[in-house]
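Undergrad: First, the structure itself, so that you have it in front of you.
The values are calculated or read from the model by the stated rules, or taken from the named source; none is laboratory data. Note that the coordinates shown come from a computational prediction; the quantities given were computed from them, not determined experimentally. Neighbour counts run over all protein chains shown; Cβ positions are idealised from the backbone, glycine included. Side chains are part of the model used for accessible areas, which takes the heavy atoms of the whole protein and leaves out ligands, DNA and RNA. Shrake-Rupley method; radii C 1.70, N 1.55, O 1.52, S 1.80 Å.
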Amino acid sequence: MSPAVSTSAPPVPVSPSPPPSVTGTGSSGTPGGQNLRFILGLKLHQLRRKRGLSLTTLAGRAGLAVSYLNEIEKGKKYPKPEKILALARALEVPFDDLVSLQLEEQLHPLTSLLTSGILQEIPLELFGVTPTGLLEMMAGAPDRVSALFDTFVKIARRFDVKIEHLLLAAMRSYVEQNKNYFEDLEQAVEMFRTNSGWARRPAPDLARLREHLISAHGYVIEDDGLSRHAELADLRAVSLDGATPRLLLNPRLGDWQRAFILAREIGYRQLGLRERIHTSPHLKVESFDQLLNNFRASYFAGALLLDRTLLVEDLRAFFAQKRWDGAALVAILTKYQSTPEMFFHRLSQIVPRFFGLEQMYFLRFDHTRGTAQFRIGKELHYQRMHGTHSIGVDEHYCRRWVSLQSLAELDRRQRDGETVAVVPGAQRAQFHQTRDTYFSMSLAYPQGLTPGEDACVTIGFLVNDALRAAVKFWDDPALPSRLVGDTCERCALTDCAERAAPPTLHEREERRTRRLAAVTALAES
């Protein structure tokens, strides 16, 4: 394939037509217009450097202001056709080469990236990165940046990473950066509660939630709406827009799950969120805005159902106890009639804010009953990453973690014929790699909609001065203190009775370290 930018000087068209997707003023805010600005800026920067021209020299030859040419190269401006023609003449290239969407062969990965729409999907501004800043990075070393992006693309293809995975990762990072607490949404709930005359109460008022959707927003709610569709029978809910909004629910939902879905619909309406995900759980994510709106509506629902004022009072009394009491934790869960996952997720929002425990994590493990495999289903890490996080899908997570021990106990008790609603647990765990110690609490429970599946949610706090001041039972001598690792395959502990797999990855890394040391010693001798 020949390069898109020619170094010869063929005839230049006298009356060029503007390229598609760009207005005459160059102010297009469409993705297509943004791509054109990016690519034109890269081409001008490359061509100017190849010809050894400064910004001042090129601007003088083309009859442009230096500041305006600088903005073009940074992708901030897209000039009118006559100015592009002047630049083409000054650089001695065809007009069509400058306005095409093709870059040189070595920068082809950048072309693929820009035309794929990925940059438009990922919310760069949420992370302090502007499109202009990204372009400046590309323009500084385009071949290296192109190689970097090409590497990411190949890794994504190798591990079947899709744009949805990137959006989900971006969403999780956004939540973690904000410590999963959003005061504007808390205030929106307080305003809704006040305007609607709803008193604070621990248990959800299912009838009132339902009546509000019907009377205020004209919903038609079908409690068994999904049972008639075999392909949708395992979904929790489907929401359909229209003149008459319809909400189809799974008849096997518990009261809390039903209340949460109704409250989330209220959140969508109350917050004025239009672009949305229509299924729970989601089947397809088309944009970051859909994920963000789903998160905001879900946050609204959790804050409405688990009132922070009441919950902080109960947690303060619980944390003041001198001894760990799993039954007391379950009693609070029962008082609010919440699912364990939503209860702990709400704790992950308000505990850092109201108790100062900012270095913490939230996890959900999933387990198929009777098997030896445990999977991380959800995770959030605030302030710092600790050892418990999703790794290889075929690796064996440390069996010493309270999450896995609670799931194992739940599995055993169910196989013994017990009807178990929830199994609480707690421990102090020190990660042998970092020596950081965490105090963790967990709740293991059967998954209602999926027979044979259990889950365990865990919330953990770094043992520091803030934890010692806030949680009085953190050092309860009755609680186990364990030395833990990541996965068995990565673990260096040699005296582990719970080991489920040999330390293959650790031994591989140890061998590599020894070989590097041998090479260093050989060079020094």
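Undergrad: With a 1.4 Å probe and every protein chain kept in, tell me what percent of the accessible surface of region 46-94 is carbon plus sulfur.
TA: That fraction is 46 percent.
Undergrad: Which value, in Å², gives the accessible area per residue of region 154-243 when a 1.4 Å probe is used on the protein heavy atoms?
TA: Each residue of region 154-243 exposes 59 Å² on average to a 1.4 Å probe.
Undergrad: Relative to the present Cα-Cα distance, how much length would full extension add between Ser67 and His165 at 0.36 nm per residue of separation?
TA: Fully extending the segment from Ser67 to His165 adds 31.3 nm.
Undergrad: Modelled label-to-label distance, Gln373 and Glu286, 7 Å Cα→beta-carbon offset: nm?
TA: That separation, rounded to one decimal, is 3.3 nm.
Undergrad: Accessible area per residue, 1.4 Å probe, Å², for region 301-425: what's the number?
TA: In whole numbers, region 301-425 has 40 Å² accessible per residue.
Undergrad: Net charge around Phe439, counting only other residues with Cβ within less than 10 Å of its Cβ (Lys, Arg = +1; Asp, Glu = -1)?
TA: Neighbour charge sum, excluding Phe439 itself: 0.
Undergrad: Can you pull the one-decimal nm distance between simple spin-label points at Leu483 and Glu498, each 7 Å off the Cα toward Cβ?
TA: Reported label-point gap for Leu483 and Glu498 is 1.4 nm.
Undergrad: Carbon-plus-sulfur fraction of the accessible area of region 234-311, 1.4 Å probe, in percent?
TA: That share works out to 46 percent.
Undergrad: Please compute the length gained on full extension between Ala421 and Glu82, using 0.36 nm multiplied by the number of residues separating them and subtracting their Cα-Cα distance.
TA: Full extension from Ala421 to Glu82 adds 114.7 nm.
Undergrad: Once you've got the Cα coordinates, tell me which of Lys50/Lys80; Lys80/Lys284; Lys43/Lys80; Lys83/Lys154 are over 28 Å apart.
TA: Lys80/Lys284; Lys83/Lys154
Undergrad: Next question. Sort the following peptides by mean Cβ neighbour count (other Cβ atoms within 10 Å, averaged over residues), highest first: 73-85, 236-248.
TA: Going from most to least packed, we get 73-85, 236-248.
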